[in-house]
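What follows is a set of notes on a single structure, which appears directly below.
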Amino acid sequence: MNNEVNLSNKEQIESAIVKEDKSKLKGFFILLVISFIGGGIVGALMTVADDSNIIMSVVDAVITLTEGISVYVSAVLAVVSLPVFIVLYKKAYKEYKLWDEENEEQYKAIDGRLSLMLFISSIVLIVSYVFMPIGFAKILSIGKSQPVLFWVSFAFLIGGFIAVTVVITIAQQKAVNLGKAMNPEKRGSVFDTKFQKQWIKSCDEAEQKMIHESAFAAYKATSTAIMVLWFLCLAGTIMFDIGIFPVFIIGVIWMVQTVAYFVKGMQLEKR
Amino acid sequence: MPLYNRLKEFRARINVNQQQMGTLVGVSRQTISQIERGDYSPSVTLALKIAKVFEARVEDIFDYVDDGTDE
């Protein structure tokens, strides 16, 4: 009797699953058709634009501009971000000194400034890292035939990169340490290679839940970005002969993201 | 929000602030604040730890009322 009841329950569940799939199938096929048609239209437009050299002109202009500024980006970021970090930190520290350790609005204001410091420092770091190899490519294209320009550019590139790294590191250290002063149970030093692990370990259940939700939001955003970048690589390969390296890199990132997600999921299921 | 609590009231009885309460049960001050505001529902383990601090029952501190909304 129990087996009959179980079979009946399983049949009901499977029937509900099939019913749900069928209800969404129509919309899925419509989306597929729209994507095919849309992709075809975009491809045709790109071919027309390519024939008239519009896209090539725009791409050339963007590349020229990017290469032109690449050597100076890190130095400019270091100079611009430093006063921003100083202002944010000073305001946060002043408010921390006045905080009575109970007022939630005051805590949120301080924490908001520190989070902004960490967010800006992360963006600055990414931009510096992206422009670093572009800058090197620019310097190599200058070559030793123009030694003055070569060495000035080299100094700006390396000096700027070191400067921005120092500024970011100090900003992050200050923000993290003030965060630790407000939350004494937190552990980890930004100078420790195991900082992330120690920090998360010292987070309680509510904070870990927040971290996990943020991580999943990042995973979803990255998945969408990967699809967009894959499409751009496809367009670039067809129109500009950019080679296989860009799409290969996208594939590696996609694979790492997917494998990491599933491996962790399977580990957690086995617990 | 279906989970109501009297954590602030119990805390006042034994005269501990949020930071001290957090230390007693092993969570941050911010989590205690979130629980009191109803922005976070503690796990069973944490709820039991909180109740133990006050030598009270979990039901004395936390109350679930089904208002028909999902959390």
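The values are calculated or read from the model by the stated rules, or taken from the named source; none is laboratory data. Here the structure is a predicted model, which is why all the values come from computation and not from measurement. We place every Cβ from the backbone using ideal geometry, glycine too, and count neighbours over all the protein chains shown. What goes into the accessible areas is simple: the full protein's heavy atoms, side chains included, and nothing from ligands, DNA or RNA. Shrake-Rupley method; radii C 1.70, N 1.55, O 1.52, S 1.80 Å.
Candidates in region A:180-206 are the residues that are of a type in the set (D, E, K, R) and not in a helix (DSSP H, G or I); of these, the one that is nearest to the other protein chains (Cβ to nearest Cβ) is A:ASP204. Listed by first and then second residue, the pairs with beta-carbon distance under 9 Å, at least 6 apart or on different chains, first residue in region A:99-112 and more than 15 Å from B:GLU36 (Cα to Cα), second loosely packed, with under 12 Cβ neighbours inside 10 Å and not polar (S, T, N, Q), are A:GLN106/A:LEU98; A:GLN106/A:ASP100. Scanning region A:236-243 turns up no residue that is surrounded by 12 or more Cβ atoms within 10 Å (Cβ to Cβ) and within 21 Å of the chain's Cα centre (by Cα).
The condition of being under 28 Å from A:ARG187 (Cβ atoms) and away from chain B (no Cβ under 14 Å) does not hold for A:ALA225. Kindly list the number of the only condition in (1) surrounded by 17 or more Cβ atoms within 10 Å (Cβ to Cβ); (2) at pLDDT below 95 that fails for B:ASP60. Against the list (1) surrounded by 17 or more Cβ atoms within 10 Å (Cβ to Cβ); (2) at pLDDT below 95, B:ASP60 comes up short only on (1).
Rundown of residues vs (1) modelled with pLDDT of 90 or more; (2) part of a helix (DSSP H, G or I), yes/no style:
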residue	(1), (2)
A:GLY38	no, yes
A:VAL48	no, yes
A:VAL59	no, yes
A:TYR96	yes, yes
A:GLU102	no, no
A:TYR107	yes, yes
A:ILE110	yes, yes
A:SER115	yes, yes
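Just one of the numbered conditions (1) under 16 Å from the mean Cα position of the chain (by Cα); (2) in contact (Cβ under 8 Å) with a residue 40 or more places away in the chain is not true of A:VAL252: (2).
Criterion applied to A:LEU149, A:LEU125 was being open to solvent by 40 Å² or more (accessible area, probe 1.4 Å) and either within 14 Å of another protein chain (Cβ to nearest Cβ) or over 26 Å from the mean Cα position of the chain (by Cα) (or both), and the one residue passing it is A:LEU149. For region A:78-122, a residue qualifies if it is touching a helix residue (DSSP H, G or I) at 6+ places or on another chain (Cβ under 7 Å), open to solvent by 70 Å² or more (accessible area, probe 1.4 Å) and of a type in the set (A, V, I, L, M, F, W, C), and the qualifying residues are A:LEU82, A:LEU116.
Does region A:215-225 contain at least one residue that is open to solvent by less than 80 Å² (accessible area, probe 1.4 Å), modelled with pLDDT of 95 or more and of a type outside the set (Gly, Ala, Ser)? So far as region A:215-225 goes, yes, one or more of its residues are open to solvent by less than 80 Å² (accessible area, probe 1.4 Å), modelled with pLDDT of 95 or more and of a type outside the set (Gly, Ala, Ser).
Test of understanding: among B:ALA12, B:ALA47, B:ALA56, which residue is under 14 Å from A:GLU102 (Cβ atoms) and of a type in the set (A, V, I, L, M)?
Numbers: B:ALA47 fails: under 14 Å from A:GLU102 (Cβ atoms); B:ALA56 fails: under 14 Å from A:GLU102 (Cβ atoms).
The unique qualifying residue is B:ALA12.
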